[in-house]
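Below is one structure, written out as structure tokens; the observations come after it.
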Amino acid sequence: MIAKPCGSLAVQLLICCTLMLVFADPVAPAPAPAPAPTTRSFRWDVEYIMWAPDCQQSVMIGINGKFPGPTITANAGDRISVEVTNSLHTEGLVIHWHGIKQIGTPWADGTASISQCPINPGETFTYEFVADKPGTFFYHGHFGMQRAAGLYGSLIVNGTDEQKEPFADEYDGELNMLLSDWYHENVYAQAAGLDGKDKHWQWVGEPQTLLINGRGQFDCSLGINRDRRACDRRKTDAFCKEEDKSERCELIRRSECGPFCEASQCAPVVFDVQPGKTYRVRIASTTSLSALNVQVQGHKLTVVEADGNFVAPFDVDDIDIYSGESYSVLLKTDQRQLPYWISVGVRGRKPKTLNALAILNYTNSKSGWPAGVPPATPAWDNVTRSKEFTYKIKARAGTVRPPEAVDRRIVMLNTQNWVKGHIKWAINHVTLSLPATPYLGAYYYGIEAIAFDATAESPDTYDQSYDIEKPPDAQAPEAQSPTAVSDRVYRITHGTVVDVVLQNANALEKGVSESHPWHLHGHDFWVLGYGDGLYNHDRDSKALDTESPPLRNTVVLFPHGWTVLRFVADNPGVWAFHCHIEPHLHMGMGVIFAEGMEKLRELNVPREAMMCGQATKAVVPLAPAMAPSPPSP
């Protein structure tokens, strides 16, 4: 007798499906949505302050009443929002986030007349951008010479699980060193001298003091120095109550009693470390003029990062660092448990400025002060030594290599010239003069024809008969070319692979050629090579390094030499490329890359960043223009 089925067909199917679910492999849960990026918000009031960074009080620019500006610390991928209020009263300002690519946010690059209008006195502008990768960066003013007036601070971007730094597990703690130089003459007088005509032209000269994290000591040394007076260490008890208005206390409050007064603004910088550890020392230079050398008494340094990019580690006794550059070095606290000097001195120019000194202090040290003479800076004019350090910097294994095919090569001759009684720096006989209307806004609203000279581009090369070993007035007649003042740009189609050859030449004075640190906004580039003398493409291109070239955003051009770099124009925007020495940029040493303007309509350029110059004079309300056609290759 055949048994009847237990229940209806529907019930049987339900039981069957249930058994299948019980015995089947567990189903993987749906992936969790990616967490929203963290937004780190800041509110800054930029104002004039009275400060004594080197024990001499003067007017400078501070943020929220202090100098240097606050350190921003974020993680890679975080969104940073900085609400900046201009309380300077008499001048505009912008802030450049040095080393941040500003992908999709070119208006936040913080370059006056290039990416945005200056923030007017009393106005507020909010910078919003993504910290695109980990590394050691900084920020600074990019209007006039405000960087030299003290408008700068550190920007540290930490690695994450998604963007892990390959040496992240090799150190136990971090130290941060922001280097700068300081002038007692204010930047307005400096600019007036640089703008002077004929015999009224005046060079800024050498800085009075070098600063470490905004602190230095004018005209005295913290260490034992045979030919310079030491700072007076006896004034350690100088302290005044807030209500004490005596002349003595006013002197103390101005920090003019010396670096050892209590709460002095020029007190020695002390880095406390524990023995038997490894520290990552982040070093960035925002100097106005000086190339610097950094060394830590009795300790080796292992270089692991340059400009936010990983490099093949190598050991050195000291490093040379040019304005605009940043490094991370690993330092092992494996010496006797004593305090040690950190010494920073001038390179590349005959120094008239004392070394800056800080202290590396082992926390269980029984000695309160380093012994002996601080390390001596290498000879200022030993360029060979600087080259040896620079040439050691190679990309870490795994770094993306540059494209092999190049679409455009721009050769830039770097000269110093007289222009209608003024001394200017020029590239291919063109000295940069910025327009009143930001280039980015002019392209976005389609008014470039009236905003700047858009009738032609800046020249891609120069007459190769120019003799780089001679001053301009000693050139053969066929090589002489008048220097033009221009606001023209280089138009670059999106996706173009560009090689730039920086060619240094003699300045106005016979036998003089200077080092220039060149910084590119909006990009990293591969440094393919360096050389002495005149670059010859047929000969020198064969020796360029395309296997392990380091990625940088700032590169040095050595005297009477050349440097070749390569970048991909993959970031639509208008980007400055210029010497990072403040007086040199003021005198016209820079160019402008208008990149991917055919894709500008894809960006949401904020109107408030562009309403100045010709943009305020339009008869009809401005609206984004149709995308211009790309330039011819």
Calculated FRET value between D334 and R408, using beta carbons and R₀ = 56 Å, to 0.05
0.70
Which value in Å does the Kirkwood hydrodynamic radius of the range 400-496 take, with 1/r averaged over all unlike C-alpha pairs and then inverted?
15.6 Å
Pairs of Cα atoms under 8 Å, at least six residues apart: use those to get the relative contact order of the range 57-162, whole percent.
38 percent
Taking the dipole about the Cα centre of the range 402-536, with the C-beta of Lys and Arg at +1 and of Asp and Glu at -1, give me whichever of F525, A436, V485 is farthest to the positive side.
A436
Mean separation of Cα pairs under 8 Å and 6+ residues apart, divided by the residue count of the chain: what relative contact order is that in percent?
13 percent
What is the distance in Å between the Cα centres of the range 68-92 and the range 160-217?
18 Å
At what distance in nm do the modelled label points of D460 and V59 sit from each other, each positioned 7 Å from its Cα along Cα→Cβ?
4.9 nm
Give me the extension gain from K352 to H494: residue separation times 0.36 nm, minus the current Cα-Cα distance, reported in nm with one decimal.
46.5 nm
Run a plain Debye calculation on the range 563-602 (Cα atoms as equal point scatterers, no solvent) and give log10 I(q)/I(0) at q = 0.14, 0.22, 0.26 Å⁻¹, rounded to two decimals, same order as the q list.
-0.42, -0.79, -0.89
Determine the per residue accessible area of the chain with all protein chains present and a 1.4 angstrom probe, expressed in square angstrom.
44 Å²
Label point 7 Å out from A436 along Cα-to-Cβ: which residues of the range 123-152 have amide N under 18 Å?
144
For a quick check of your reading of the filter: which trypsin sites (Lys or Arg not before Pro) in the range 285-393 sit in a DSSP loop and have no more than 12 other Cβ atoms within 10 Å?
R336, K352, K366
May I ask you to compute the full-extension gain from W369 to V316, defined as 0.36 nm times their residue separation minus their alpha-carbon distance, rounded to one decimal in nm?
16.6 nm
Efficiency of FRET between D467 and D244 - r from beta-carbon atoms, R0 41 angstrom, step 0.05
0.05
Looking at the square roots a ≥ b ≥ c of the eigenvalues of the Cα gyration tensor of the range 252-307, which shape do they give, rounded for a/c under 1.5, prolate if a/b is larger than b/c, or oblate?
oblate
Please name which of P459, M50, Q146 has its Cα lying farthest along the dipole of the chain towards the positive end, using unit charges on Cβ (Lys, Arg +1; Asp, Glu -1) and the Cα centre as origin.
M50
The range 337-458, dipole about Cα centre (Lys/Arg Cβ +1, Asp/Glu Cβ -1), debye to the nearest 20:
680 debye
Note: the chain, point scatterers on Cα, Debye, no solvent; log10 I/I(0) at q = 0.06, 0.09, 0.11 Å⁻¹ equals -0.36, -0.75, -1.12
Treating the beta-carbon of each Lys and Arg as +1 and of each Asp and Glu as -1, no other charges, what is the dipole magnitude of the chain about its Cα centre, to the nearest 20 debye?
800 debye
Let me make sure I get this right: for the range 362-427, a, b and c are the square roots of the gyration tensor eigenvalues over alpha carbons, sorted descending. Under 1.5 in a/c it's rounded, otherwise prolate if a/b > b/c, else oblate. Which is it?
oblate
Distance between the C-alpha centers of the range 282-327 and the range 452-513? Whole Å please.
31 Å
Past 20 Å, Cα to Cα, is the threshold; run K66/K101; K199/K424; K164/K392; K387/K510 against it and keep the listed order.
K66/K101; K164/K392; K387/K510
Per the helix-only calculation at 222 nm, which mean residue ellipticity applies to the chain, given -39500 (n - 2.57) for every DSSP H run of n ≥ 4 and division by its residues, nearest 500 deg cm²/dmol?
-2500 deg cm²/dmol
Which value, in debye to the nearest 20, gives the size of the charge dipole of the range 505-607 about its Cα centre, when Lys and Arg are +1 and Asp and Glu are -1 at the Cβ?
200 debye
First obtain the Kirkwood hydrodynamic radius of the range 304-357 from its Cα pairs, then insert it into the Stokes-Einstein equation at 37 °C and 0.692 mPa s, and state the resulting D in µm² per second as a whole number.
240 µm²/s
Sulfur and carbon atoms: percent of accessible area, the chain [1.4 Å]:
53 percent
Under the rule that an exposed site lies in a DSSP loop and has at most 10 other Cβ atoms within 10 Å, name the longest stretch of the chain with no GluC sites (Glu not before Pro) of that kind, not counting the sites themselves.
1-161
Which whole-number percent gives the relative contact order of the range 549-608, counting Cα pairs below 8 Å spaced six or more residues apart?
30 percent
Report the extension gain between R607 and L508 in nm, rounded to one decimal, defined as 0.36 nm multiplied by the number of residues separating them, less their alpha carbon distance.
31.3 nm
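The values are calculated or read from the model by the stated rules, or taken from the named source; none is laboratory data. Just so we're clear, the structure is a prediction, and the values are computed from it rather than from any experiment. Note that we place each Cβ from the backbone using ideal geometry, even for glycine, and neighbour counts take in every protein chain shown. Just so you know, the surface numbers come from the protein's heavy atoms only, side chains and all, with ligands and any DNA or RNA stripped out. Shrake-Rupley method; radii C 1.70, N 1.55, O 1.52, S 1.80 Å.
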